[in-house]
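**Q** I'd like to ask you about the structure that follows.
Read-outs: derived from the displayed coordinates by stated rules, not from any lab. Nothing here was measured: the structure is a model prediction, and the numbers come from that model. Glycine also receives a Cβ, built like all others from the backbone with ideal geometry; neighbour counts cover every protein chain displayed.
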Amino acid sequence: MDDTEIKILVVDDDQYILSLLIDTLKAIGYDSFGAVDGLDALGKLKQDTYNLVITDVKMPRMGGVELLTEIRKIYPGLPVLYITGVASPEIISEIVPNGFLTKPFRISQIETLIKNTLAPQKYSSPGNVKKVMIVDDDDAFREMMVESLNVYEFKTIAVADGIGALNTLENESVDAVITDIKMPYMDGITLLKKIKEIHPEIPTIVITAYLSDDEVKSNLINFSADGFFEKPFDMEQIVNLLKNI
């Protein structure tokens, strides 16, 4: 499918974000249109055919989660991306979007995510299994994460701290990093910051028992974690996020 044939519906109640995304998508070469909330989007979907929906999560009248639920019922083959600062547990329900467009937006990120979303799914191919790095100083937790992700056919690399993670990333390529916060030698926030500086293309997910700490949550958002989960967590939510980032 040629880019000029792709029609994208952007849904956001923030007029600045809406206009910015529409203009960016048009600059890339996509035919893009806007809706101000979920109800407006459903109305436009009844009137025209779109190849992709990019939606904010929190909106008046109907938010992104409700919109995704309706789209899955009415247009089950239509891909949906969430616009979000971070993929937190409350927006990852049983119905999962096809991906997350995280703020702040980068044109290269938008273009790559759209191409990957609209391309034929390759995840089930044995040659395209995702490799995930797990960073945690708790031996039992690392082992549990490795075993759990292996069940879902992910390849895994496990290290005990942030320094070990950065050293490993010098020689190993990975598709995502899952890290704890409280660790010796280098904590998870520092690791997250360094990964975003050195390897900005690698998605990062934080698992912590300290999500209620406002400073921790602020750091996760400031350093653009792609998702965070509080212990105890639902493994399937993490797997769903890994499949879609």
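**Q** For Glu201 and Leu118, FRET efficiency with R0 = 30 Å and r from the beta-carbon atoms, rounded to 0.05?
**A** Efficiency at R0 = 30 Å is approximately 0.95.
**Q** Under 9 Å from the Cβ of Leu18, count the other residues' Cβ atoms, weight Lys and Arg +1, Asp and Glu -1, and hand me the total.
**A** Taking every other residue near Leu18 into account, the sum is -4.
**Q** Taking the Cα-to-Cβ direction at Met144 and at Glu170 and moving 7 Å from each Cα, how far apart do the two end points lie in nm?
**A** 3.2
**Q** Please give the net charge around Phe141, taking every other residue with its beta carbon less than 10 angstrom from that of Phe141, where Lys and Arg add +1 and Asp and Glu add -1.
**A** Counting the neighbours of Phe141, the net charge comes to -4.
**Q** Let me make sure I get this right: for region 1-47, a, b and c are the square roots of the gyration tensor eigenvalues over alpha carbons, sorted descending. Under 1.5 in a/c it's rounded, otherwise prolate if a/b > b/c, else oblate. Which is it?
**A** It comes out oblate by the Cα gyration axes.
**Q** If R0 is 35 Å, what FRET efficiency do you get for Arg61 and Val151 from their C-beta distance, rounded to 0.05?
**A** Taking R0 as 35 Å, the efficiency between Arg61 and Val151 is 0.30.
**Q** If each residue's Cβ is checked for other Cβ atoms within 10 Å, how do Ser32, Ser108 rank with the fewest at the top?
**A** Ser108, Ser32
**Q** Right, another one. Place the peptides 144-156, 184-196 in order of packing, highest mean first, counting for every residue the other Cβ atoms within 10 Å and averaging per peptide.
**A** Result, highest mean first: 184-196, 144-156.
**Q** Rg over Rh of region 3-118, using C-alpha atoms and the Kirkwood radius, what does it come to?
**A** Answer for region 3-118: 0.91.
**Q** Would you mind ranking Ile202, Ile83 by Cβ crowding within 10 Å, fewest neighbours first?
**A** By the 10 Å Cβ count, ascending, the order reads Ile202, Ile83.
**Q** Using the 10 angstrom Cβ neighbour count as an exposure proxy, how do Val174, Val135 rank, fewest first?
**A** Val174, Val135
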